[in-house]
Every structure is written in structure tokens, then in C-alpha cells.
Amino acid sequence: MTDSILDLRAVTREHGTGDALVQALRGVDLQLAPGELVAVMGPSGSGKSTLLNIAGGLDAPTSGSVRLAGTEIVGMSATALAALRRTSVGYVFQDYNLVPTLSAVENVALPLELDGVGWRDARRQGLEALDRIGLLEVADRFPDEMSGGQRQRVAIARALVGPRQLVLADEPTGALDTTTGEFVLTQLRDACDAGAAALLVTHEARYAAWADRIVYLQDGLELATQGAV
Amino acid sequence: MSVSHGILSLLEERPQHGYGLREQFEAATGGTWPLNVGQVYTTLGRLERDGMVEPDGATDAHGRNAYRITDDGRAQLGRWYAEPIARDGSAREELVAKVALAVANPAVDARRVIHVQRAETMRAMQVLTQRKRVASQAGDVAQRLVLDSQLFHAEAEVRWLDHCIAQIPEAPTMPTEGTT
């Protein structure tokens, strides 16, 4: 697939050596195209989070190829990788990871400012991003003044602000009730329908069911893929 | 199902007579599917007519005839275990019985049976979620809640299947299927 935003081929990841060798991933292939939401499921220790970290360049594979936005990142220098990550991929975590001393709009605008966008322009784009998801009213609130669901939705807006078109989300609904969790998935789904791509790690079937494809991992192997319906 | 599939699964392990099959069937399914011996012998009669089982030739101390599974019976049983259950009203009881029988039958890769079913249930959840999204966009709260009910049931099924996978000892090998 030549137009993949993310393209993993034969990826392995090992920790330790000898008797202590742990094979976290044992030859996983995964391609993600624009517009796709792909969920990764599997029991604890199956390699879900390792896969996500390798997909985003936060961890390096033991062997295999990882192409992010068309660029091979295995073997890339730390500086070049950091720059590519900043412009190509956004992360969403279970515990939101918003900067507590910045308001919602400042959090969303932060990646743009790190990329050298002037603060006025960055703030304008941040406000537009919040407006698109109906959260303009929390723009000037700090994270501890928002609900968990609002924080997570701000985190997703931050992950997709600017030129980035790939979201890597690790259990983003883990701390949320069912209704709020569905707001978060609606936002991810809408973003993908508008052309972004998202890789969602979740242990909850109800959220995985929002995906176009569901990859099931077990013991570091891709056991099955439930395709589009 | 499928009392007949349950009986074929038990006969795949060893030849038995109807009374023994009734006891084993109830034990294997944890009492979720009670049977009377008349049902068992009626079913055995149909299975024999259809060539799925045949008399073993042996009788026990009470003069009861044992039956054994035929090659056609094995093929029929293999198809049942290989395919997911359609999600209609009777599905859940059949699923519980099927998983219990698969676990009790050493000739069956119970994990594979469960994974096939899990994939089918996830597919159903994807369809329900798409329909729910349409209902939400149309502001149809009633339809959305009906779909939510179906989703909660399906979700509970997936959680139970995941629990089953975690409880069953690892098979020697697991085939990879449907990879992209």
C-alpha cells in the first residue's frame, strides 16, 4: 500500500537476552491509510502498547521496517525522528497528558508553536480546532477546570492540530464513563472520516467496534483481523 | 444446534450409550441445557438415519447399545465448530453449550472455536455501531437505545469469550488467520 500514513513490516521487538528474553512483538505487519480508524485489541502483555510506541517512534523495533508518512524511521537520528514525530503524529494517552499550567487552547496550540508558528496564528488555529469539536467554551480553562471527557477531547484536538494526520491513542477511554467515552470515539471517527488516520489501542469491545478494522494481538503475534463491514 | 452436535462431540471422544451421553452432555454444559433420555435416543435415531452415527456393536450390563461417530458425523461436527453461530435469539445458550463442549473435547481446538466466535461478535458490534451512529445523527434516541441494548449484550459476550480464552490452557500451536 503506497499511500499508507503508517506502514509496519515484519516488526519484532525483544527485551532481555538468554533465558530472560521476552518477545513483545514477533513479526507484525500493519498498514494504516488516510481515513482509517484501526483498533488493536488483545490481552495484557500481548504487545498492544509496544506496537503503538514503535508505530510512533517512541520505541525502536529489534527488526523490521516502520514507515511514518512515507519515511523509514528505523535507524533515523534522534533529532530527525523528533522533528518527524512533531509534524506527523499526535499521541493520546489514558491520562490525557495535558500541560496543567496551560489553558485548553494553549495546550492545543502548543505543537504549532513548537513547530515555529507564531503564537497569534497558533492560538487562532487552536480556537478553530476547539470550535470544530464544540468545545470553544472551555478554551480558556485549565485542565483541572475541565471534566475528564473534555480533557481527552482537547488532547485529541491537540494530537490533530496543524499538518498532522495520524493519531496514536493508547486506551484513551480508559478513565471515562460509557457516554463520555463515546464522545471521544465520535471525535476520533469524525477526524478519520475527514481524512486523518488513527490507531486505537483498547481492551473494550464497544470502542473497538467504531474501527474500520480490528487487529487482535496475542503473545506478540497478529492472531486475526476483523475487516471492514 | 443442536443437541445433535453436542452428542456428536461427545461420541467423538468415545462410543457411548444414550444414558451416558445424557449425563455427559449435562455435565459438559454445566446444566445450562437439560436433556431427557428420550431426546437423546430420538436424536441418536435421527443421526443414525442420516449416517452420522452407527451402533458400536457392544452392549453394557443393562443391555444398552453403544453408538459411535462415523466419518460423515466427524465432518458435520468439524463444520459446526469451524463456523460461528448466527446471532439470533437462541444464540447465547447455544454459544455457552458449544464453548463448554469444545473445552471438554480434547480433539477440538477450543481457542480457535472461541476466536472464530469472537470475530463474528465483533463484526456484529461494528454493524450495530454504524447503525447507532446513523441513529444518533438523525436524533433518533429510541432507535439508539435499542441498538445500545444489543451492543451491551454483544459486549458482554466478547468479555466472556476473552475470559474463556484466558482460562483455557494454551494449545500447542495456533494458526494465524485472516492477516492483512
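A few remarks follow.
- Restricting the stretch A:1-19 to residues that are touching a residue at least 24 places away in the same chain (Cβ under 8 Å), away from chain B (no Cβ under 14 Å) and acidic (Asp, Glu) leaves a set whose member that is nearest to A:ALA208 (Cα to Cα) is A:ASP3.
- Selection from the stretch A:50-90 of residues that are at pLDDT below 90 and among the hydroxyl-bearing types (Ser, Thr, Tyr): A:THR87, A:SER88
- For B:LYS98: the one exception among (1) within 15 Å of the chain's Cα centre (by Cα); (2) within 14 Å of chain A (Cβ to nearest Cβ); (3) not aliphatic (A, V, I, L, M): (2)
- The residue that is nearest to the chain's Cα centre (by Cα), counting only those in the stretch B:131-144 that are surrounded by 14 or more Cβ atoms within 10 Å (Cβ to Cβ) and among the polar types (S, T, N, Q), is B:GLN143.
- Qualifying residue in the stretch A:37-45 (condition: assigned to a loop (DSSP other than H, G, I, E, B), polar (S, T, N, Q) and buried (at least 16 other Cβ atoms within 10 Å of the Cβ)): no
- Listed by first and then second residue, the pairs with beta-carbon distance under 9 Å, at least 6 apart or on different chains, first residue in the stretch B:91-117 and more than 15 Å from B:GLU170 (Cα to Cα) and modelled with pLDDT of 90 or more, second charged (D, E, K, R) and assigned to a helix (DSSP H, G or I), are B:GLN117/B:LYS98; B:GLN117/B:GLU157.
- Residue in the stretch A:143-163 that is surrounded by fewer than 20 Cβ atoms within 10 Å (Cβ to Cβ) and within 15 Å of the chain's Cα centre (by Cα) present: yes
- Matching residues in the stretch A:102-158 - criterion: being in contact with a strand residue (DSSP E or B) (Cβ under 8 Å, 6 or more places away or on another chain) and under 24 Å from A:ALA175 (Cα atoms): A:GLN152, A:ALA155, A:ILE156, A:ARG158
- Check on A:VAL154, assigned to a loop (DSSP other than H, G, I, E, B), of a type in the set (Val, Ile, Thr) and at pLDDT below 95: no
- Residues within the stretch A:74-95 that are assigned to a loop (DSSP other than H, G, I, E, B) and exposed (fewer than 12 other Cβ atoms within 10 Å of the Cβ), tallied: 2
- Cβ-Cβ under 6 Å pairs, at least 6 apart or on other chains, the stretch A:20-35 side more than 23 Å from A:LEU188 (Cα to Cα) and within 14 Å of chain B (Cβ to nearest Cβ), far side assigned to a strand (DSSP E or B) and small (Gly, Ala, Ser): A:GLY27/A:ALA10
- Within the stretch B:145-164, the residues that satisfy the criterion of being under 23 Å from the mean Cα position of the chain (by Cα), facing chain A (nearest Cβ under 10 Å) and surrounded by 16 or more Cβ atoms within 10 Å (Cβ to Cβ) are B:LEU151, B:ALA154, B:GLU155, B:GLU157, B:VAL158, B:LEU161, B:ASP162.
- Among (1) assigned to a strand (DSSP E or B); (2) buried (at least 16 other Cβ atoms within 10 Å of the Cβ), the one test that A:ILE54 misses: (1)
- A:ASP177 more than 14 Å from chain B (Cβ to nearest Cβ) and surrounded by fewer than 24 Cβ atoms within 10 Å (Cβ to Cβ): no
- Only a single item in (1) outside any helix (DSSP H, G or I); (2) more than 14 Å from chain A (Cβ to nearest Cβ); (3) farther than 22 Å from B:GLN24 by Cβ; (4) not polar (S, T, N, Q) is not met by B:ALA142, and it is number (1).
- In the stretch B:49-62, the residue that is surrounded by the fewest Cβ atoms within 10 Å (Cβ to Cβ) out of those that are in contact with a Phe, Trp or Tyr (Cβ under 7 Å, 6 or more places away or on another chain) and more than 10 Å from B:GLY73 (Cβ to Cβ) is B:PRO55.
- Which listed residue, of A:ARG206, A:ARG189, A:ARG213, is facing another protein chain (nearest Cβ under 9 Å), in contact with a Gly (Cβ under 7 Å, 6 or more places away or on another chain), farther than 19 Å from A:VAL99 by Cα and in contact (Cβ under 8 Å) with a residue 24 or more places away in the chain: A:ARG213
- Subset tally (residues that are part of a loop (DSSP other than H, G, I, E, B), free of Cβ contacts under 8 Å to residues at least 40 places away in the same chain and either touching a Ser or Thr at 6+ places or on another chain (Cβ under 9 Å) or more than 13 Å from chain B (Cβ to nearest Cβ) (or both)) for the stretch A:216-228: 1
- Summed over the stretch A:107-123, residues that are in contact with a Leu (Cβ under 9 Å, 6 or more places away or on another chain) and among the aliphatic types (A, V, I, L, M) total 4.
The values are calculated or read from the model by the stated rules, or taken from the named source; none is laboratory data. Every value quoted in this text rests on a predicted model; they were computed, and no experiment measured them. Neighbour counts run over all protein chains shown; Cβ positions are idealised from the backbone, glycine included.
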